[in-house]
Amino acid sequence: MSCRKRHYILAVILLFVVVGCGQDETANQSHEAKKVELRQEDGRFQLYVNDAPFYIHGAGLEFGDVEALAAHGGNSFRTWRTDNGQDTGMEVLDRAHANGLMVTMGIEIARERPGSGRGVFDFDYSDSAAVAAQLTAVREEVMLYKDHPALLMWGIGNELNLGATNPLVWDAVNDISKMIHEVDGNHPTLTMLAGISPELIDQIKTRAPDLDLLGIQMYADIINLPRYLEEADWNGPYVVTEWGATGHWEVATTSWGAPIENNSTVKADWYDRRYEAVIASDTIQCIGSYVFLWGQKQERTPTWYGMFMPNGDKTAAVDVMHHKWTGAWPANRSPQIDSFTLNGLGATDNIELSPDADAVSIVVTNDPEGNVLNYYWTVRPEATAVGHGGDDEVEPEPIPGLFANADGAQVNLKTPSEPGAYRLFVNIIDGQGSAAHANIPFLVTGE
């Protein structure tokens, strides 16, 4: 038996267990499903929930703080799968409902590319038996959650076009969408795309016409989305299902290939600009967005995409979205970073140091409310076991014993003994639930 087929047998068994366990939860759910519709009125698209207009003020959230999203003015979040390994889909929906939020529920669909985690890669959409088994499993997921009042839409797969070329995947997506519409007349369907192009849209139009709208995922390149929509001749509705910090593939790199991450203050400014320039400005086709990521994860660094710190403190990106969603700034705003140097040099200066060398780093900050700031410094090896398209990554461990003092805005440190690529990180905490962060890549050369 092939590894892929074993994965699917195990997945179906697990799904039936989850369905069985979830039946009592479903029985206890006393609320009715909401009717969600897409309408085109006066040339513009509008989402309605029980006949009330609904514009998505949302975030991508898998393990993030649902209560914080509601408190900051969000009205929806999206997931990447029904069961995230910590919470069942029913638990996710119940928590959303308790906080007045709606969920675009992701349905994990197998991908035709190598990858790590969850056994959903290296699939073959030419294998009709495997595709049929997947459809059956997805139907069980849909039947379990379709009547929950927190359900907004169904997201069929995530970036199925990334690193894949087989157009048969869109036939499978279309069949899933048709199945959903047959058993659930209350919720639209979409698929989340990595970018957009004329060729991709032609395939979607031809092979997956049953979809109600598209999810489009872009980062720095989102500024060009209006032009891409025109070039691809996409006149239908869409939601931006991922956007936020500049991608690690979109930034400058050091001479040894380390991507240079923007600090949290610069990132927040980009969140603001991109939202206004692209999302808020499209009042015709765009029905809202899901900012990425309402939480924290390791992807190239522990801070690249997360809008929160590992301890749960919010960054300035959250402040920006609070302002966009509510029209006001939060009562306590995050610290701001004015400059950050290592031996007087910045992150773009290709800093090379000798092993066990003395160095000094200074970060200049300010706090909008004048809070006393605390500084936390670490040095980590550059991540080398990196993924693709959001695959799981292991966070490199901090190297101990390098700092003579690590409790202020200026520190003295020793460089690591072993040659290699490293990063110096500083996290700035205001003690009131807000934080800032920055890092500088540097290379320790041979003796």
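The values are calculated or read from the model by the stated rules, or taken from the named source; none is laboratory data. These numbers were taken from a predicted model, which means no experiment stands behind them. Ideal geometry is used to build each Cβ from the backbone, glycine not excepted, and the neighbour counts take in all protein chains shown. Keep in mind that these areas ignore ligands, DNA and RNA; they rest on the heavy atoms of the full protein, side chains included. Shrake-Rupley method; radii C 1.70, N 1.55, O 1.52, S 1.80 Å.
At a glance:
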item	result
Residue check for Val372: in contact with a Ser or Thr (Cβ under 9 Å, 6 or more places away or on another chain), of a type in the set (A, V, I, L, M), at negative phi and open to solvent by 30 Å² or more (accessible area, probe 1.4 Å)	no
Verdict on Val103 being over 22 Å from Pro209 (Cα atoms), free of Cβ contacts under 8 Å to residues at least 40 places away in the same chain, within 24 Å of the chain's Cα centre (by Cα) and crowded, with 19+ Cβ neighbours inside 10 Å	no
Residue within region 376-383 that is over 17 Å from Met309 (Cβ atoms), modelled with pLDDT under 95 and either assigned to a loop (DSSP other than H, G, I, E, B) or open to solvent by 50 Å² or more (accessible area, probe 1.4 Å) (or both) present	yes
From Lys297, Lys314, residue being open to solvent by 10 Å² or more (accessible area, probe 1.4 Å) and within 15 Å of the chain's Cα centre (by Cα)	Lys297
Count of residues meeting criterion [open to solvent by 20 Å² or more (accessible area, probe 1.4 Å) and modelled with pLDDT of 95 or more] in region 423-447	7
Qualifying residue in region 111-121 (condition: modelled with pLDDT of 95 or more, among the charged types (D, E, K, R), open to solvent by 30 Å² or more (accessible area, probe 1.4 Å) and more than 15 Å from Ala59 (Cα to Cα))	no
Matching residues, region 384-407, being more than 20 Å from the chain's Cα centre (by Cα) and either at pLDDT below 95 or open to solvent by 70 Å² or more (accessible area, probe 1.4 Å) (or both)	Thr384, Pro396, Glu397, Pro400, Gly401, Ala404, Asn405, Ala406, Asp407
The lone exception for Pro419 - which of (1) in contact (Cβ under 8 Å) with a residue 40 or more places away in the chain; (2) buried (at least 17 other Cβ atoms within 10 Å of the Cβ) it fails	(2)
Condition broken by Ile337, with the remaining ones in (1) among the hydrophobic types (A, V, I, L, M, F, W, C); (2) open to solvent by less than 20 Å² (accessible area, probe 1.4 Å); (3) under 24 Å from Ser76 (Cβ atoms) satisfied	(3)
Enumeration of residues in region 347-375 that are of a type in the set (Gly, Ala, Ser) and under 23 Å from Met307 (Cα atoms)	Ala347, Gly370
Residues within region 285-308 that are of a type outside the set (S, T, N, Q) and part of a strand (DSSP E or B), tallied	8
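For (1) out of contact with any Asp or Glu (no Cβ under 9 Å at 6 or more places or on another chain); (2) among the β-branched types (Val, Ile, Thr); (3) closer than 28 Å to Arg207 by Cα, each residue gets a yes or a no:
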residue	(1), (2), (3)
Ala52	yes, no, no
Gly60	no, no, yes
Gly73	yes, no, no
Gln86	no, no, no
Arg95	no, no, no
Ala129	yes, no, yes
Val142	no, yes, yes
Glu159	no, no, yes
Gly163	no, no, yes
